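**Student:** Sharing a structure, written as structure tokens. Questions coming.
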Amino acid sequence: YIMMELMILETPGDAPSEWHLVIFWYLLPPTFIFIVGLGAADFVHLFFNRNDRQDAWREAVASTFRNHIIVFGAGHVGIQVIRELASMGVDIVVIDNSPDPGVDYILNELDIPLIVGDGREGSVLEKAKIRDASSLVICTGDDHTNLEAIMRIREINSDIRIVARVWDTKFGQRLERFMNVQNVLSSSDLSAPAFAGAALGIEITQTLTINDVPYSMTRFNVVEDSFLDGETVGHLQSEYDMDIVLYGREETTEVQPAHDFVVRYDDTLVIFARHKTILEIVSRNMLGKKGRKRKLKIGR
């Protein structure tokens, strides 16, 4: 109580006789003034400096997250990843060194905190609560930056799940092998099936590798006189080692159609199979009558 009185410039009584307590006695009032002044200066600074105020608020919001996902890099790819994750309802913290002007608006609309800084620095990662995060998605377009970030992150959190974007496929394979990165996605590998499918007028999804075997899904329309025309769903699935997951005709759509459904010209099929099998089926379907004479080489 005496100390509180001294700090608010009230004299509680006579000063103590010990010299060291006398010094403490007279230091208390200026110490209190200094603390109050420092707090007032910080308040005025945050009040008039909008950017610092936003940064402090974002860091405060990020500090409350647990088991969240951190996205490093809010460029074109990063923003698409952030939108997809937000639609799934997960907590997200974004790190970017120099975000584009439009990024701030997008993240504010999605209520996602942005930590402005270099994701390779430990202090920035700590602000994003890297120790409490469940996953980290690295979306920058620089492979060396991604490598440095992975090495720094592994020092802080050895258990976090890391998904990294790379340009060089071989470099990505080394990251998976030596840096314990769960998924390394190459932009060229992801886009190649889409470009090839677009050239053929079909849609091919990203290839999934299961037990070292690549699988894909594709959507296409049955060509007139194709080897598919007139066959039942059950026969096609057993004969060509594929799964017809969706069947569409005019306004009718059937998910997992019955085996006795008969496939006709211009029907829409969505099939799942080995990637090599899908390429053979699509190629043979496009040939029409000629495709009926070709034997489909299925790798079982």
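The values are calculated or read from the model by the stated rules, or taken from the named source; none is laboratory data. Computed from a prediction, not measured in an experiment: that's the story for all the values here. Quick reminder, even Gly has a Cβ in these numbers, built from the backbone with ideal geometry, and neighbours come from all protein chains shown. To get the accessible areas, we keep the full protein, side chains included, count just its heavy atoms, and leave off ligands, DNA and RNA. Shrake-Rupley method; radii C 1.70, N 1.55, O 1.52, S 1.80 Å.
**Student:** When only residues in the range 63-79 that are in a helix (DSSP H, G or I) and of a type in the set (A, V, I, L, M, F, W, C) count, which is surrounded by the most Cβ atoms within 10 Å (Cβ to Cβ)?
**Tutor:** Among those residues, the one meeting the criterion is 79.
**Student:** Which residues, counting only those in the range 103-150, are closer than 14 Å to residue 162 by Cα, outside any loop (DSSP other than H, G, I, E, B) and in contact with a strand residue (DSSP E or B) (Cβ under 7 Å, 6 or more places away or on another chain)?
**Tutor:** 130, 135, 136, 137, 138, 146, 149, 150
Here is a yes/no grid of residues against (1) surrounded by fewer than 13 Cβ atoms within 10 Å (Cβ to Cβ); (2) without any contact (Cβ under 8 Å) to a residue 40 or more places away in the chain:
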| site | (1), (2) |
| --- | --- |
| 81 | no, no |
| 84 | yes, yes |
| 89 | yes, yes |
| 103 | no, yes |
| 120 | no, yes |
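**Student:** Where the second residue is modelled with pLDDT of 85 or more and outside any helix (DSSP H, G or I) and the first is open to solvent by 40 Å² or more (accessible area, probe 1.4 Å) and lies in the range 145-157, which pairs have Cβ atoms under 8 Å and are six or more apart or on separate chains?
**Tutor:** Within 8 Å, the pairs are 148/120; 152/120; 152/121.
**Student:** What are the residues in the range 214-247 that are under 10 Å from residue 265 (Cα atoms), touching a Phe, Trp or Tyr at 6+ places or on another chain (Cβ under 7 Å) and either open to solvent by less than 20 Å² (accessible area, probe 1.4 Å) or part of a helix (DSSP H, G or I) (or both), if any?
**Tutor:** 222
**Student:** Kindly indicate which of 177, 165, 154 is at pLDDT 80 or above, outside any loop (DSSP other than H, G, I, E, B) and out of contact with any Lys or Arg (no Cβ under 9 Å at 6 or more places or on another chain).
**Tutor:** 154
**Student:** Can you tell me which residue within the range 240-283, out of those that are closer than 14 Å to residue 218 by Cα and basic (Lys, Arg), is modelled with the lowest pLDDT?
**Tutor:** If we take residues in the range 240-283 being closer than 14 Å to residue 218 by Cα and basic (Lys, Arg), then 276 is modelled with the lowest pLDDT.
**Student:** I've got another one for you. Residues to consider are 104, 42, 96, 55; find the one that is in contact with a Leu (Cβ under 9 Å, 6 or more places away or on another chain) and modelled with pLDDT under 80.
**Tutor:** On the way: 104 fails: modelled with pLDDT under 80; 42 fails: in contact with a Leu (Cβ under 9 Å, 6 or more places away or on another chain); 96 fails: modelled with pLDDT under 80.
Just a single option satisfies the conditions, and that option is 55.
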